[in-house]
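The values are calculated or read from the model by the stated rules, or taken from the named source; none is laboratory data. Just so you know, these numbers come straight off a predicted model, no measurement behind them. Glycine also receives a Cβ, built like all others from the backbone with ideal geometry; neighbour counts cover every protein chain displayed.
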Amino acid sequence: MPPASTTSPATAFAVACLGIMVFSAMDAVMKAKSKNEILTGLLYLNPNTPDLHEILDTNERPLNSLTEKDLCPGAEILKGINDSFR
């Protein structure tokens, strides 16, 4: 298993904000569609933006193929991960 990501708290916050904006935009589109409405305005998707897996440095393996050892790396590694958020 690769070492824990060293994503900074600022990057994590930016990713969270990006996620909120994307879900808010998608929510607005879906709500309008359910009412047979068409949203006006401009919706821009930057094709050069890295995907969320790349930003978060997640494992490429499907979650259902990970073993208990992969998912529970041990107390010391978990302590390091938790300390990185302080």
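Here are some notes:
- Single match in I77, I55 (criterion: surrounded by 11 or more Cβ atoms within 10 Å (Cβ to Cβ), free of Cβ contacts under 8 Å to residues at least 60 places away in the same chain and out of contact with any Gly (no Cβ under 7 Å at 6 or more places or on another chain)): I55
- The helices (runs of 4 or more DSSP H) found wholly in region 36-86 and carrying at least 3 residues that are touching a Ser or Thr at 6+ places or on another chain (Cβ under 9 Å) occupy 52-56.
- The residue list T49, T6 contains one member that is among the hydroxyl-bearing types (S, T, Y) and modelled with pLDDT under 55, which is T6.
- Residue within region 23-34 that is of a type in the set (V, I, T), out of contact with any helix residue (DSSP H, G or I) (no Cβ under 8 Å at 6 or more places or on another chain) and surrounded by 11 or more Cβ atoms within 10 Å (Cβ to Cβ) present: yes
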